[in-house]
Amino acid sequence: MATKRKSKGAYMISAVAEMYAIHPQTLRLYEREGLLRPSRSDGNTRLYTDEDLERLEFILNLARDLGVNIAGIAIVLQMRERMEEMNRQMQGFVDYVRTEMLTRMQPQQTPGAGLVPLRRTVIVPVKPTKKK
């Protein structure tokens, strides 16, 4: 969905409503339902950031294009946030493992240093003895 953003910053509710062709009450409803969390000015005016607008675009895509109701939108947003958190945790784990591997490989100057030989069990076939 294309928007008419001019610059970074905060947008008042009337500007956001006009940009997305929605009623300001819809934005208030989304806030009441916890779907949007705009900041407030000293005069208690809602201020929407670029991040809020990206989230609103996602919400409107779900509602307008896919026909998802408010309860469904809330579930999708929660799942999205959990997935993002899991992704951050996985990236942190990958970074940790990479660092740990590089740290452990650093002191090894000679190839094969630090390798532990494995003992293998050798099975020797026994020839049957002849009975007399």
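Read the figures in this text as sums done on the coordinates, not as results from a lab. Since the model is a prediction, treat every value here as computed from it, not as a measurement. Here the Cβ positions follow ideal geometry from the backbone for every residue, glycine too, while neighbour counts run over all protein chains shown.
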For the range 11-102, what is the per residue volume of the convex hull drawn over the alpha-carbon atoms, in cubic angstrom?
-> 127 Å³
Using θ = phi - 60° and the Karplus curve 6.51 cos²θ - 1.76 cosθ + 1.60, what whole-Hz ³J(HN,Hα) does each residue of the range 72-83 get, with Gly and Pro shown as x?
-> x, 4, 4, 5, 4, 5, 5, 5, 4, 5, 5, 5
Amide H to amide H, which residues 5 or more places from residue 47 or on other chains are under 5 Å from it, using H placed in the peptide plane?
-> 39, 40, 41
Which one of 101, 68, 12 has its Cα pushed farthest toward the positive end of the charge dipole of the range 11-102, where Lys and Arg give +1 and Asp and Glu give -1 at the Cβ?
-> 68
